[in-house]
Amino acid sequence: MKLGFIGFGEVGYEMAQGFGSAGLTGILAYDVMQDHPVYGKLVSDRARAAGVTLCAAAQTMLESVDVVIVAVPGGKALETAGSQKNLLRPGMVYADVSASSPETKKQIWEELKETGVLFVDGAMLGSLPLYQHKVPTLVSGNGSDLFIEKMRPFGMDLEKVSDTPGEATAIKYVRSIFMKGLPALLVEVLEAASVMKVDHLVLQSIAATMNACPFEETLNRLVTGSAIHAERRAHEMENVVEMLESIHVKPTMSKATQERLSWLAGKKIKEKFAGKTPKEWQQVVKAWEGKL
């Protein structure tokens with residue numbers, strides 16, 4: 001099996017290092033920035049460190065590989081597919097692990113399917129510097145099975161979602177609501193706590209709450225409790241917004257929280273459960289979907 005990369009930034013570099021440690025040799029790569037006067041040296045230094053051979057042209061690399069991992073910026077993924085389209089061969093695996101949207105992944109497949117390539121929508125769900133090539137990755141698309149067959153022997157942690165491009169990335173995007181939203185929420189908390197000089201007390205209290213139970217239990221408790229007390233908590237968040245504005249902290253996340261709690265209150269879940277807290281978060285979801 002011969003592996004190549006289109007794009008050799010941090011993603012390609014970290015993955016290639018991992019593959020090298022797993023015994024995969026002869027990796028090739030092509031990056032449009034490799035001859036750039038500023039960034040070219042970084043690309044070449046990374047390739048040298050990872051034991052990867054940079055090809056002067058994409059065609060040289062693509063003619064020599066069975067699997068190509070496309071690790072370009074999300075905004076360049078569709079353009080990249082179009083520019084390489086005539087260089088692809090039937091039966092080779094084209095695995096796009098960019099952060100482009102589910103819709104873009106579908107568009108890439110539409111762009112490429114006449115070439116006969118097997119397409120993989122790859123959605124990485126962890127830190128590349130931490131996991132390298134073993135980063136948990138969801139895959140979808142008609143090339144998923146072959147990609148798993150070829151890459152698992154080298155330690156890739158792959159889970160197939162479906163044969164439909166975009167579905168793996170859609171799952172990642174839902175996950176990102178939490179994984180990207182939580183840091184944004186913490187930044188707002190820390191800004192307010194710092195301005196008010198209460199950061200130690202606030203963080204100590206939050207840590208005690210979050211460390212008290214495993215994540216699953218905390219999730220269940222927060223969702224079921226909020227379903228019953230959404231109206232009261234939405235009103236409290238209105239007051240929080242006023243306080244933040246008074247100390248000149250922009251209440252972006254707090255306003256969103258108030259809006260979402262108001263939405264939840266409007267589902268009348270408290271009335272559906274006669275004021276009693278549901279036992280499981282799944283009951284709350286069914287209630288707001290009107291299935292209870």
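From the set of residues in region 168-207 that are basic (Lys, Arg) and assigned to a helix (DSSP H, G or I), which is farthest from the chain's Cα centre (by Cα)? Walk me through how you get there before you give the answer.
Within region 168-207, the first condition is being basic (Lys, Arg), and the residues that meet it are 172, 175, 180, 197.
With the extra rule that they be assigned to a helix (DSSP H, G or I), the set shrinks to 172, 175, 180.
On the way: Lys172: 4, Arg175: 7, Lys180: 9 Å.
For region 168-207, the residue satisfying everything is Lys180.
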Taking Val285 as meeting all but one of (1) over 19 Å from Asn220 (Cα atoms); (2) surrounded by fewer than 16 Cβ atoms within 10 Å (Cβ to Cβ), write down the number of the exception.
-> (1)
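Working only within region 89-113, note down all residues that are assigned to a helix (DSSP H, G or I), open to solvent by less than 40 Å² (accessible area, probe 1.4 Å) and within 14 Å of Ala170 (Cβ to Cβ). Quick ask: steps written out before the conclusion?
Kept after step one, since they are assigned to a helix (DSSP H, G or I), are these residues of region 89-113: 102-113.
After this cut, where a residue has to be open to solvent by less than 40 Å² (accessible area, probe 1.4 Å) as well, the list is 102, 104-105, 108, 112.
Residues satisfying the conditions are Pro102, Thr104, Lys105.
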Kindly establish whether Ala184 is within 30 Å of Val97 (Cα to Cα), modelled with pLDDT of 95 or more, surrounded by 14 or more Cβ atoms within 10 Å (Cβ to Cβ) and not hydroxyl-bearing (Ser, Thr, Tyr).
-> no
Any residue in region 139-158 that's over 21 Å from Ala99 (Cα atoms) and part of a helix (DSSP H, G or I): show its pairings with residues that are β-branched (Val, Ile, Thr) and at pLDDT 95 or above at Cβ separation under 8 Å, as long as the two are six or more apart or on different chains.
-> Leu146/Val93; Lys150/Val67; Lys150/Val93
Restricting region 251-277 to residues that are in a loop (DSSP other than H, G, I, E, B) and among the charged types (D, E, K, R), the residue that is least open to solvent (accessible area, probe 1.4 Å) | Lys267
Look at region 15-64 and say how many of its residues are open to solvent by 30 Å² or more (accessible area, probe 1.4 Å), within 22 Å of Leu87 (Cα to Cα) and among the acidic types (Asp, Glu).
-> 2
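Across region 150-164, which residue is farthest from Gly23 (Cα to Cα) among those that are open to solvent by 50 Å² or more (accessible area, probe 1.4 Å) and not β-branched (Val, Ile, Thr)?
Once the filter is applied, the top-ranked residue is Asp163.
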Any residue in region 210-228 that is touching a residue at least 40 places away in the same chain (Cβ under 8 Å) and part of a loop (DSSP other than H, G, I, E, B)?
-> no
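Quick check on my filter: what residues within region 49-63 are of a type in the set (Gly, Ala, Ser) and touching a strand residue (DSSP E or B) at 6+ places or on another chain (Cβ under 6 Å)?
Residues of region 49-63 of a type in the set (Gly, Ala, Ser): 49-51, 56-58.
Hit for region 49-63 is Ala58, nothing else.
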Is region 242-262 home to any residue that is within 26 Å of Thr277 (Cβ to Cβ) and in contact with a Lys or Arg (Cβ under 7 Å, 6 or more places away or on another chain)?
-> yes
For residues in region 196-250 being open to solvent by 80 Å² or more (accessible area, probe 1.4 Å) and of a type in the set (Lys, Arg), which is nearest to Val284 (Cα to Cα)?
-> Arg221
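Among residues belonging to region 114-138 that are polar (S, T, N, Q) and not in a helix (DSSP H, G or I), point out the one that is surrounded by the fewest Cβ atoms within 10 Å (Cβ to Cβ). If you could, list the steps in order and put the result at the bottom.
To start, the set of residues in region 114-138 that are polar (S, T, N, Q) comprises 115, 127, 132, 137.
Cutting the leftovers down to not in a helix (DSSP H, G or I) gives us 127, 137.
On the way: Ser127: 10, Thr137: 25.
My answer is Ser127.
Restricted to region 40-81, and to residues that are in a strand (DSSP E or B) and closer than 15 Å to Val97 by Cβ, which residue is farthest from the chain's Cα centre (by Cα)?
Narrowing region 40-81 to residues in a strand (DSSP E or B): 53-54, 67-70.
Still in the running and closer than 15 Å to Val97 by Cβ: 67-70.
Details: Val67: 22, Val68: 20, Ile69: 17, Val70: 16 Å.
Only one residue fits best here, namely Val67.
Which ones in region 11-35 are farther than 13 Å from His133 by Cβ and either part of a helix (DSSP H, G or I) or of a type in the set (S, T, N, Q) (or both)?
Keep residues of region 11-35 that are farther than 13 Å from His133 by Cβ, which gives 25-26, 28-35.
Listed by number, the residues that qualify are Thr25, Gln34.
The values are calculated or read from the model by the stated rules, or taken from the named source; none is laboratory data. Nothing here was measured: the structure is a model prediction, and the numbers come from that model. FYI the Cβ positions are ideal-geometry reconstructions off the backbone, even for glycines, and counts take in every protein chain you see. Protein only, heavy atoms only, side chains kept; ligands, DNA and RNA dropped before computing areas. Shrake-Rupley method; radii C 1.70, N 1.55, O 1.52, S 1.80 Å.
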